Amino acid sequence: MSPGSDPSVAVGDLCERILDGAVPDARDLEALLLAGEEAPAVFAAAREARARHSGNTVFLYGFVYFSTYCRNACAFCFYRADNDECPRYRKTSDEVVAICRDLAASGVVLLDLTMGEDPLIHDEPGNAALVDLVAAVAGETGAPVMISPGVLGEEALRALRVAGADWYALYQETHTPDLYARLRVGQPFAERVQARAAARRAGLLVEDGLLTGIGDSPADRARSIVAMREAGWEQVRVMTFVPQAGTPLAGVRSGGDANELLTIAAMRLAMPERLIPASLDVDGIAGLERRLQAGANVVTSIVPPTVGLAGVSQAELDIDEGYRTVHGVLPHLERLGLRPAGVDEYRERMGALHATLGGAGA
Ligand code: SF4
């Protein structure tokens, strides 16, 4: 489907055709991403698409960044190996399990265990510590587990699946290779693509994602949306770049979250059945409602206060204050007429996504 060569084609008409079942191509997606003053029509259509596939249900994810050590040098990242200004810590297995137990009790439906490519854990033969950690968290909480440990081989991914992991998150950040090379410095583009494919073969659900505000164009973002749709990943996310002290991109001025919001909406219209997060890790709790109003149906980066955990893009924002908690999120859901799902309902949704998409794409 394409709006053709007529530049005056209305974004509203395009949204209606998509809601009627047309599949947007890259040009259509670019038109949505460039909606400008017509953005409210795109957001309304995205909410309608979400309502048809998810009703008013939202899934809340707990985030446990358990090691902030990393051997890599991503240009955008606070935790890149050579940055002396970021907090470094490595939580013990007992600490992580206790944090996860409390998070699960607070009402999250998934525990996202994230680390940098910490050589001590990442390069261990057999990844025993990581496998044991996943088994302990899954066993103690009974909640679904996502792992975000960087690039791993298929054998390790299979071991993590057996240990109880349900999801593998690995973000490309952009699907435009030359931009990728400037962002994920020294990390082969194809290696990340292959790792996600290996995760699917290992029986894991997969999340991919992109970053905006780092020199990407609407065409780049449209390309990413098409790539993620074709690969069939069950969860897809976009986040706005937040400049980080001590990094090569520290001086870049943030352009605000307008592009992120339109990208969430375009992803929802292109992939109505998928899980699409509203991250608390960009603008904190103040940015939650506008991301949900753009069509997101997951809230990510719920971080418990007082246990010394950091966020990724926003290391501290709203954490100690307790705003990035289930308790802090619920009033915002209620105000928008949305409701949080329980674990059983979430597992049902995971099963349906796996049945629909598990054999798709890569
Ligand atoms: S984005 Fe991830 S892999 Fe890259 S430097 Fe940061 S923690 Fe390491």
On the basis of being in contact with a helix residue (DSSP H, G or I) (Cβ under 8 Å, 6 or more places away or on another chain), of a type in the set (A, V, I, L, M) and touching a residue at least 24 places away in the same chain (Cβ under 8 Å), does Leu179 make the cut?
yes
Suppose the filter is touching a Leu at 6+ places or on another chain (Cβ under 6 Å), away from the ligand (no atom under 16 Å from the Cβ) and either closer than 26 Å to Leu205 by Cβ or of a type in the set (Gly, Ala, Ser) (or both); does Ala258 pass it?
no
Selected residue (criterion: nearest to Ile302 (Cα to Cα)) from residues of segment 91-101 that are among the charged types (D, E, K, R) and surrounded by 14 or more Cβ atoms within 10 Å (Cβ to Cβ):
Arg101
Being over 18 Å from Val42 (Cβ atoms), crowded, with 23+ Cβ neighbours inside 10 Å and in contact (Cβ under 8 Å) with a residue 60 or more places away in the chain narrows it down to one of Thr247, Thr300, so name that one.
Thr300
Residue satisfying all of: in segment 56-88; under 19 Å from Ile121 (Cα atoms) and of a type in the set (Val, Ile, Thr); farthest from the ligand (Cβ to nearest atom) among these:
Val64
Do you know which residues across segment 96-135 are within 27 Å of Arg339 (Cα to Cα), within 16 Å of the ligand (Cβ to nearest atom) and assigned to a loop (DSSP other than H, G, I, E, B)?
none
Of the residues Arg201, Arg253, which single one is charged (D, E, K, R), more than 17 Å from His175 (Cβ to Cβ), free of Cβ contacts under 8 Å to residues at least 24 places away in the same chain and surrounded by fewer than 23 Cβ atoms within 10 Å (Cβ to Cβ)?
Arg253
Do you know which residues across segment 107-122 are hydroxyl-bearing (Ser, Thr, Tyr) and either over 16 Å from the mean Cα position of the chain (by Cα) or crowded, with 24+ Cβ neighbours inside 10 Å (or both)?
none
Helices (runs of 4 or more DSSP H) lying entirely in segment 171-239 (those with 3 or more residues that are within 16 Å of the ligand (Cβ to nearest atom) and closer than 21 Å to Ala75 by Cα)
177-183, 189-201
Filtered residue count, segment 71-90, keeping only those that are touching a strand residue (DSSP E or B) at 6+ places or on another chain (Cβ under 9 Å) and without any contact (Cβ under 8 Å) to a residue 60 or more places away in the chain:
2
Has segment 135-155 got any residue that is closer than 19 Å to Ala202 by Cβ and without any contact (Cβ under 8 Å) to a residue 24 or more places away in the chain?
yes
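So that you can scan it fast, the table gives a plain yes or no per residue for (1) of a type in the set (D, E, K, R); (2) at pLDDT below 95:
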site: Arg274; (1), (2): yes, no
site: Ser279; (1), (2): no, no
site: Val282; (1), (2): no, yes
site: Thr306; (1), (2): no, yes
site: Gly322; (1), (2): no, yes
site: Val329; (1), (2): no, no
Any idea which of Leu103, Leu120 is closer than 24 Å to Gln235 by Cα and either out of contact with any helix residue (DSSP H, G or I) (no Cβ under 7 Å at 6 or more places or on another chain) or among the basic types (Lys, Arg) (or both)?
Leu103
Would you please name the residue that is nearest to Leu357 (Cα to Cα), looking only at residues in segment 180-198 that are crowded, with 19+ Cβ neighbours inside 10 Å and not basic (Lys, Arg)?
Ala198
Residues of segment 113-128 being at pLDDT 95 or above and touching a Leu at 6+ places or on another chain (Cβ under 9 Å), which ones?
Leu113, Met115
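The values are calculated or read from the model by the stated rules, or taken from the named source; none is laboratory data. Just so we're clear, the structure is a prediction, and the values are computed from it rather than from any experiment. Here Cβ is always computed from backbone atoms with ideal geometry, including for glycine, and neighbour counts include all displayed protein chains.
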